[in-house]
Amino acid sequence: MHRRDLLKLLGALPLASISGQLYAAPSSSARLLVVFLRGGYDAANLLVPISSQFYYDARPNIAIARPSTDLNSAIQLTPDWGLHPVLRESVYPFYSSGEIAFIPFAGTDDTSRSHFETQDSIELGQPLGAGRNFQSGFLNRLVTVLNGANPISFTDQLPLIFQGAAQVPNTALRTVGKLGIDSRQSNIITAMYKGTPLAQQVNEGFDVRNDVAREMASEMESANRNAVSAKGFEGEAKRIAKLMKDKYSIGFVDIGGWDTHVGEGGATGYLAGRLDELGRGLSSFAQEMGTQWDNSVVVVVSEFGRTFRENGNRGTDHGHGTVFWVLGGKVQGGRILGNQTRIEQASLFQNRDYPVLNEYRSILGGLFAHMYGLNSSQLDRIFAGVRAKDIGII
């Protein structure tokens, strides 16, 4: 065929056919699930910096104890890092078998500390400081460069991350979780202490809790953006896995309830409860995937971390750098990956937060390149202008 005849033939083909076939990545058996923890979870109490005295000084009430025989102490992963003890039965086995890696000091360069702005930044995956296209999320762009990808969003509405040219179905999983102590239980406890010297303190304690809960409820609900609760995810994880192992290759689910300004707790308490539910859900997902787990990668992200120091309400406020989790049969785990720094006051970002040393688009770009055999041109369509970084996740 002469060059002129070839150009005529290509000119007659629909543009979508050219971009969808000639420029698409090869088809893949890989399964990808992105789990978004909305609200900014406290990464420092998930992946515990056990070698940092500064951590223990900065968190006198909520720090996780250094590894010991006490089951409420951190589970040692390396000389510098430990895992929250509530994940001993669900997540730690993945680490022991080399199927999970943690990436500390991860996140976006967005420094607004706004749930909404930073969530948007993460989901869009576009350069900061430029005009944003809210009809182009990075998972949708990933779908468009793959050949035969079958995406699904396990959300009430299609999230920003899946907005774009590719058609993506969604299905709701929302489950509303209950408070640790409801009003009926509060009344029972109040009655127990009635007429005792502690009655006034108990009443005042519940009054303060209720006042704070009312103040924070609207922010928590907004930050969640109708995401399923951690308890809801635990219950639905097997159903998600059944759909993904048989039909869908790229999935997204968001989980709310991570905005821990007040009463966060340490080895036990509110955050511990959410981590326990999340860990059990991830474990159930892996079990249900069966042999497809060997082809699976689950990425757990959040819009930001929390302040390194605890606040006056024994909680933590909006921060910056966080910790990503990557687990699955394809993962070269049992490691703490990415650029790291010694944790001390001098290394904090703006003297309050974890710095971001592992920009999320470069990390995910490197991951996608290995999972799907993407070239630099295809990666640039997903994360424009970002140089993919291979940190050895798979």
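The values are calculated or read from the model by the stated rules, or taken from the named source; none is laboratory data. Quick caveat: nothing in here was measured; it's all calculated off a predicted structure. Don't worry about glycine lacking a Cβ; one is built from the backbone with ideal geometry, like all the others, and counts go over all protein chains shown. Please note that ligands, DNA and RNA were not included when accessible areas were found on the heavy atoms of the full protein model with its side chains. Shrake-Rupley method; radii C 1.70, N 1.55, O 1.52, S 1.80 Å.
Remarks
- If you sort the three axes of the alpha carbon gyration tensor as a ≥ b ≥ c, you get a/c of 1.5 or more for the range 313-384 and a/b above b/c, which makes it prolate.
- What the range 282-347 shows is 35 Å² of accessible area per residue, with the surface traced by a 1.4 Å probe over protein heavy atoms.
- Proximity of backbone amide H atoms, modeled 1.01 Å from N, is registered between F324 and I103, A106 at under 5 Å, excluding neighbours fewer than 5 places apart on the same chain.
- Prolate/oblate/rounded call for the range 109-148, Cα gyration tensor, a/c under 1.5 rounded: prolate
- Cα shape, the range 84-160, gyration tensor, a/c 1.5 rule: oblate
- Which of F285, Q332, G312, positive extreme of dipole for the range 273-338 (C-beta unit charges): G312
- Convex hull (Cα only) mean projected area of the range 41-138, reported in nm² to one decimal: 8.4 nm²
- Here, the range 270-394 is characterised by an Rg to Rh ratio of 1.01, where Rg is the alpha-carbon radius of gyration and Rh the Kirkwood radius.
- Sequence of K242, K194 when ordered by accessible area, the most exposed leading, probe 1.4 angstrom: K194, K242
- Working note: Cα atoms of the range 234-304, range along each principal axis, descending, whole Å: 41, 22, 18.
- Accessible-area composition of the range 256-394, carbon plus sulfur, in percent [1.4 Å probe]: 42 percent
- Above-threshold pairs, the threshold being 26 Å between Cα atoms, out of K242/K389; K247/K389; K245/K330; K194/K231; K330/K389: K242/K389; K247/K389; K194/K231
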